[in-house]
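Enquirer: Handing you a structure now.
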Amino acid sequence: MKKNTIISACAGVLLAGTAATGIYGWLSERRKVEGLQAQIEELKKQEMRSTVSRSVSAQMEEIANEQREISDEKREEALQQTRVANEMRRQSEIERMNAIEAERNAVASEKKALEASSVAESQRQMAEHQRIQAEFSKRKADTLSYIALGRSLGSISTIQAQAGNDEMANMLSYASYLYTSRYGGDIYNPAVFQALMQSSKSMVSWTEHQGAIMNIEYLPGSDNRLVSISNYGEVILSERQGNRLKTTTLFKDSRYDFRDADIDETSGSIYVVSRTGHLVFIGQDLKTVKIYELNDIGHPMQLHVLNDKNILAVGENGVALIDIKRKMVRNTHQLPFRAIGSARKDGQIVIFDDQGMMHLLKGIDQFTTEKVPVTGKITAYTYSKELGIEAYGMSDGTIWIVDKAGKMLKLIGHRSRISKVQIRGNLLYSSSYDGSVKLWVPTNEKVEPMTLVETSNWIMHFDFDSTSKTFWMGDVKGNLTAVNIFVPQMVDVIRTKIKRNLTTEEWNYYIGQEVPYEKYIE
């Protein structure tokens, strides 16, 4: 039983497997058939699409053939145009080459023309240059001739004045000025300038002192009122009124030997120092007079106002500090050297000794000492901060200029002791015992002095007014002299003196027939 059951079960299982296998095979075949049918359907669709594509391709081929025919026609036209363009380009190239050749020929012609023009221009410029040179040479010759004529007329004018022929001297000095100024000559040439001074009477002297005038000081705010002192103990106040000089003797005592004076700019008080060891004070009322003794400083020689309270007196052996307000000597100090002079340098006091040293005063008893850069006895000194130079006047008549770098320049023109040097602007003025006042340009290495004044007396001192047009000088004979050096003013004075023109004979004689005649007055 059990065995049959097993066999039956196995047969049932086998039968079921066989049935399952058959069903699976059927299903597989069915799927294949369905797949083939689907492929057949797809192939049909592809065939239809291919048919459509072939139809479209045929149409496109037909269109392409038409386009190709059109393109061939266009290409043939393009080729034809290319051939035409090439022909035109060939013709254009020929024309271009012809143009280049023509341009080359034109450039060559232009070059030749430019060369010819350049030669012509060069010749023209050369001719113009020669003409200018000839005119310049003529003008130069004329200029030199007229400048020389101006100087000659100046010399003749001076001779005429010395002979007493003032009328001719005035006309010739004016002519000298005209030709010199008109042709750019030096108005300050001695021949021209001296003639102008002489004809205009620019130098007026008055003898007011018995002794040598040692110093001149202007009263504050005035160019016509000045105080002069002498070594004969005189203090005189002078006021110029045209060609007259009104004088007032403020002090006179021959026991005193006055050497220097200074005026208080604020109060107008006058201080005068005497070599005898005295200080004379004259009040602003010009009547109050007080005398103070300056002991222990040797022979006083110079005064320096320090400020509105103090004034310094310098002697051979010492210095004294004077109280201006209290009118008393505050302090004195002995110097460890012998002083021979003093001056101001940039607001400070410099004292020179007899051993070639200079001492810068820092206080009444404080000094800084250095060696004087020049050799010899210094008799005058000045300093210009603007020009940066110092000027040393020497006892032998020479003047030394020393700049900031220590460069030295020797000025030779005076024959004896220099009494004063003064710098105004860029000019140096000097006076000497040789009786002259000279003008220099200290920054010019080729220095030639201009003589402003020449007398027979020692000139002890000079001083300019505020305008620099006039200076006053005092000499050893007690003469007080006003000197006008302003050329336009001289010329104006001379013109007022000319009352007639030169005659033709006078013109030909003094000036010359080759110079065109002209009138000086109408």
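Enquirer: When the accessible area of the chain is computed with all protein chains present and a 1.4 Å probe, what percentage of it is carbon and sulfur? Numbers along the way, then the final one.
Expert: On the way: 15540 of 30140 Å².
Carbon and sulfur atoms account for 52 percent of the accessible area of the chain.
Enquirer: Can you tell me the accessible area per residue over the stretch 424-522, all protein chains present, probe 1.4 angstrom, in square angstrom? Could the numbers behind the result be given before it?
Expert: Working: 4770 Å² over 99 residues.
Counting only protein heavy atoms, the per-residue value for the stretch 424-522 is 48 Å².
Enquirer: How far is helix 190-200 tilted, in degrees, relative to the longest principal axis of the Cα atoms in the chain, given as a value from 0 to 90 rounded to the nearest 10?
Expert: The helix 190-200 is inclined about 60 degrees to the chain.
Enquirer: OK, next. So between SER222 and ARG500, what do we pick up on full extension, going 0.36 nm a residue minus the alpha carbon distance? Don't jump to the answer; show the numbers that get you there.
Expert: On the way: separation 278, 0.36 × 278 = 100.08 nm, distance 3.81 nm.
Extra length available between SER222 and ARG500 comes to 96.3 nm.
Enquirer: Additional query: Taking 0.36 nm per residue of separation and subtracting the Cα-Cα distance, what length does fully extending VAL119 through ARG338 add?
Expert: 70.8 nm
Enquirer: If you place +1 on the Cβ of every Lys and Arg, -1 on the Cβ of every Asp and Glu, and leave all else neutral, what size is the dipole of the chain about its Cα centre, to the nearest 20 Debye?
Expert: Values: 65 positive and 66 negative charges, 287 e Å.
Dipole about the Cα centre, nearest 20: 1380 debye.
Enquirer: Taking +1 at the Cβ of each Lys and Arg and -1 at the Cβ of each Asp and Glu, which of VAL350, TYR520, MET88 sits farthest along the dipole of the chain towards its positive end, judged by Cα position relative to the Cα centre?
Expert: Of the candidates, VAL350 comes out farthest on the positive side.
Enquirer: For the stretch 287-322 and the stretch 106-124, compute the distance between their C-alpha centroids and round to whole Å.
Expert: 87 Å
Enquirer: Could you tell me what fraction of 2.2 N^0.38 Å the Cα radius of gyration of the stretch 1-128 comes to, as a two-decimal ratio? If you can, show how the numbers build up before the last one.
Expert: Details: Rg = 50.2 Å, N = 128, 2.2 N^0.38 = 13.9 Å.
This ratio for the stretch 1-128 stands at 3.61.
Enquirer: To continue, here is another question. With label points built 7 Å along Cα→Cβ from the Cα atoms of SER267 and GLN348, find their separation and express it in nm.
Expert: Result for the modelled spin labels: 2.9 nm.
Enquirer: Taking the stretch 416-502 on its own, what percent of its Cα-Cα pair distances exceed 14 Å?
Expert: Percent of Cα pairs beyond 14 Å in the stretch 416-502: 68.
Enquirer: Once fully extended, how much extra length lies between TYR517 and TYR188, figured as 0.36 nm per residue of separation less the alpha-carbon to alpha-carbon distance?
Expert: Working: separation 329, 0.36 × 329 = 118.44 nm, distance 2.54 nm.
Length gained, TYR517 through TYR188: 115.9 nm.
Enquirer: With label points built 7 Å along Cα→Cβ from the Cα atoms of SER50 and GLU93, find their separation and express it in nm.
Expert: Label-label distance for SER50 and GLU93, simple model: 5.8 nm.
Enquirer: Can you list residues whose amide H is under 5 Å from TYR232's amide H, if they're 5+ apart or on another chain and H is modeled 1.01 Å from N?
Expert: The list, which skips near neighbours in sequence, is GLY211, ALA212, PHE258.
Enquirer: For an R0 of 30 angstrom, estimate the FRET efficiency from the Cβ-Cβ distance between GLU293 and GLN355 and round to the nearest 0.05. Walk me through the intermediate numbers first.
Expert: Values: r = 29 Å, r/R0 = 0.95.
Between GLU293 and GLN355 the formula returns 0.55.
Enquirer: To the nearest 10 degrees, how steep is helix 166-182 against the longest Cα principal axis of the chain, on a 0 to 90 scale?
Expert: Relative to the chain, helix 166-182 is tipped by roughly 10 degrees.
Enquirer: Can I ask one more? May I ask you to evaluate 6.51 cos²θ - 1.76 cosθ + 1.60, the Karplus curve with θ = phi - 60°, for each residue of the stretch 20-30 and list the ³J(HN,Hα) values in order in whole Hz, giving x for glycine and proline?
Expert: With the stated coefficients, the stretch 20-30 comes to 5, 5, x, 4, 5, x, 4, 4, 5, 5, 4 Hz.
Enquirer: Using θ = phi - 60° and the Karplus curve 6.51 cos²θ - 1.76 cosθ + 1.60, what whole-Hz ³J(HN,Hα) does each residue of the stretch 342-357 get, with Gly and Pro shown as x?
Expert: 8, 7, 9, 9, 6, x, 10, 8, 10, 10, 9, 10, 8, 10, x, 10
Enquirer: If you roll a 1.4 Å probe over the heavy atoms of the protein chains, what accessible area per residue do you get for the stretch 8-64, in Å²? Show your work: numbers first, answer last.
Expert: Values: 4910 Å² over 57 residues.
With all protein chains present, the stretch 8-64 gives 86 Å² per residue.
Enquirer: At 37 °C and 0.692 mPa s, what whole-number value in µm²/s does Stokes-Einstein give for the translational diffusion of the stretch 304-418, with Rh from the Kirkwood sum over Cα pairs?
Expert: Details: Rh = 15.1 Å.
Once the numbers are plugged in, D ends up at 217 µm²/s.
Enquirer: Let me ask something additional. Which value, in Å³ per residue, describes the convex hull spanned by the Cα atoms of the chain? Don't skip to the answer; put the middle values down first.
Expert: On the way: hull volume 306.7 nm³, N = 522.
Roughly 588 Å³ of hull volume per residue.
Enquirer: Assuming R0 = 60 Å, what is the FRET efficiency of LYS309 and GLU110, from their Cβ-Cβ distance, to the nearest 0.05? Can you show the working numbers first?
Expert: On the way: r = 90 Å, r/R0 = 1.50.
Step by step, r from the Cβ atoms, then E = 0.10.
Enquirer: While we're on this one: What's the FRET efficiency of MET203 with ARG330 using the Cβ-Cβ distance as r and R₀ = 25 Å, to the nearest 0.05? Kindly include the intermediate steps, with their values, before the conclusion.
Expert: Details: r = 43 Å, r/R0 = 1.73.
FRET efficiency, MET203 to ARG330: 0.05.
Enquirer: While we're looking at this one, here's another question. Under 5 Å between amide H atoms, partner at least 5 residues away or on a different chain: which partners does LEU250 have, H built in plane at 1.01 Å?
Expert: Counting only residues 5 or more places away or on other chains, the set is VAL235, ILE236, LEU237.
Enquirer: Quick one: which residues, 5 or more positions from THR455 or on another chain, have an amide H under 5 Å from its amide H? H modelled 1.01 Å from N in the peptide plane, none for Pro or chain starts.
Expert: Answer set, sorted by chain and number: SER436.
Enquirer: Short version: ³J(HN,Hα) in whole Hz for each residue of the stretch 44-51, in order, from phi by Karplus 6.51 cos²θ - 1.76 cosθ + 1.60 (θ = phi - 60°), x for Gly and Pro, what are they?
Expert: Ordered by residue, 3J(HN,Hα) equals 5, 4, 5, 5, 5, 5, 4, 4 Hz.
Enquirer: Let me ask another. Place +1 on the Cβ of every Lys and Arg and -1 on the Cβ of every Asp and Glu in the chain, take the dipole about the Cα centre, and give the residue among ILE291, VAL107, LEU452 whose Cα lies farthest towards its positive end.
Expert: Farthest towards the positive pole: ILE291.
Enquirer: Run the numbers on the stretch 261-417 and let me know its relative contact order in percent, using alpha-carbon pairs under 8 Å that are six or more apart. Walk me through the numbers before you get to the answer.
Expert: Details: 357 pairs, mean separation 16.4, N = 157.
Contact order relative to length: 10 percent.
The values are calculated or read from the model by the stated rules, or taken from the named source; none is laboratory data. What you see is a predicted model; the values in this text were computed from it and never measured. Here Cβ is always computed from backbone atoms with ideal geometry, including for glycine, and neighbour counts include all displayed protein chains. Keep in mind that these areas ignore ligands, DNA and RNA; they rest on the heavy atoms of the full protein, side chains included. Shrake-Rupley method; radii C 1.70, N 1.55, O 1.52, S 1.80 Å.
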